[in-house]
1. Sort out which residues of region 293-316 are in contact with a helix residue (DSSP H, G or I) (Cβ under 9 Å, 6 or more places away or on another chain), part of a loop (DSSP other than H, G, I, E, B) and loosely packed, with under 13 Cβ neighbours inside 10 Å, and write them in order of number.
2. Looking at region 323-334, which of its residues are touching a helix residue (DSSP H, G or I) at 6+ places or on another chain (Cβ under 7 Å) and either more than 17 Å from residue 207 (Cβ to Cβ) or in a helix (DSSP H, G or I) (or both)?
3. Identify all residues within region 257-283 that are in contact with a helix residue (DSSP H, G or I) (Cβ under 7 Å, 6 or more places away or on another chain) and within 18 Å of residue 183 (Cα to Cα); write none if there are none.
4. Go through (1) surrounded by fewer than 17 Cβ atoms within 10 Å (Cβ to Cβ); (2) touching a helix residue (DSSP H, G or I) at 6+ places or on another chain (Cβ under 7 Å); (3) part of a helix (DSSP H, G or I) and name the single condition residue 210 misses.
5. Considering only region 185-200, state which residues are buried (at least 21 other Cβ atoms within 10 Å of the Cβ) and either farther than 18 Å from residue 280 by Cβ or without any contact (Cβ under 8 Å) to a residue 40 or more places away in the chain (or both).
6. Condition first: farther than 29 Å from residue 157 by Cα, over 30 Å from the mean Cα position of the chain (by Cα) and in the same structural domain as residue 204 (by TED's automatic domain parsing). Can you find one or more residues in region 279-291 that meet it?
7. Please go through region 24-65 and give me each residue that is on the phi < 0 side of the Ramachandran plot, modelled with pLDDT under 75 and surrounded by fewer than 19 Cβ atoms within 10 Å (Cβ to Cβ), ordered by number.
8. Give the number of residues within region 9-23 that are modelled with pLDDT of 75 or more and outside any loop (DSSP other than H, G, I, E, B).
């Protein structure tokens, strides 16, 4: 098999489609149609092209396809905190689903702030990505419109943006947080708190405000703490603050499971609190670790498989400006008392 050589300094010389066409005894366009899937190719011709490509070590240049206006099949996943359990699980499922549909996932790891998300979207345009899925941050409407005008699909996941022409996938955070309050009250909790973070994403702020508003409607004033980023350590430090008070809460809603894990460990190991006898804790996301025997966390499950399937459906259809809403369902385990 012929392999790439380096005839010009350190630049690699790749096998071209013209060389494949010459070896196979077919036209250049036949090679293009064989690898792009655009247009029909006779079975005999396809076999000749594939045999020649195998012998020469030829691989189609997808980036070049994007430069000449053909779909690049690249889908950019724009996300922050990709090491967190929820985001890592979501990215794993999305990338697998995209690959099943012949797409190539390109992950752009951002800081989550609007500026870094905007920079990521600009990168997606440079690479001629056919779509971008924004998992973190809120890009400016003007930049989103620039993506759309360049033929790029934009999918916003759990974002509040209402930019025209984008596809939106949302979780009904408000209903879930109201149900979280009801679960704690049913367990007999009267001193309530909400553990959030300084990452003021739309999901975090919506869950925090929805829980507080539901509590206010029944005459309960809650403590809200936002000590640091959305991390295990922030959950742990939040427990130090709340449980170290003279009148600590007996019911806590954490806006993510990761915060809940830190909170639970601190409650048990630092304060010697028994959960759920002395303290009830609810999380949000239902990441795989929530099922671990060390936590068995009562939480709200985001229907990740259904959300990922919807993303794939959007990227392989001709929809425009659709909104898909999903419910986060309660998962009762062992961190909330039975009422």
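1. If the condition is that a residue be in contact with a helix residue (DSSP H, G or I) (Cβ under 9 Å, 6 or more places away or on another chain), part of a loop (DSSP other than H, G, I, E, B) and loosely packed, with under 13 Cβ neighbours inside 10 Å, then 294 is the only one that fits.
2. Of everything in region 323-334, just one residue is touching a helix residue (DSSP H, G or I) at 6+ places or on another chain (Cβ under 7 Å) and either more than 17 Å from residue 207 (Cβ to Cβ) or in a helix (DSSP H, G or I) (or both), namely 324.
3. 257, 260, 275, 279, 280, 281, 282, 283
4. (1)
5. Passing the criteria: 197, 199.
6. Yes, the conditions are met somewhere in region 279-291.
7. Selection gives 36, 38, 59, 60, 61, 62, 63, 64.
8. The qualifying residues number 7.
The values are calculated or read from the model by the stated rules, or taken from the named source; none is laboratory data. As the structure is a prediction and not an experimental result, all values here were calculated from the model. Methodologically, a virtual Cβ is constructed for each residue, glycine included, from the backbone with ideal geometry; neighbour enumeration extends over all protein chains shown.
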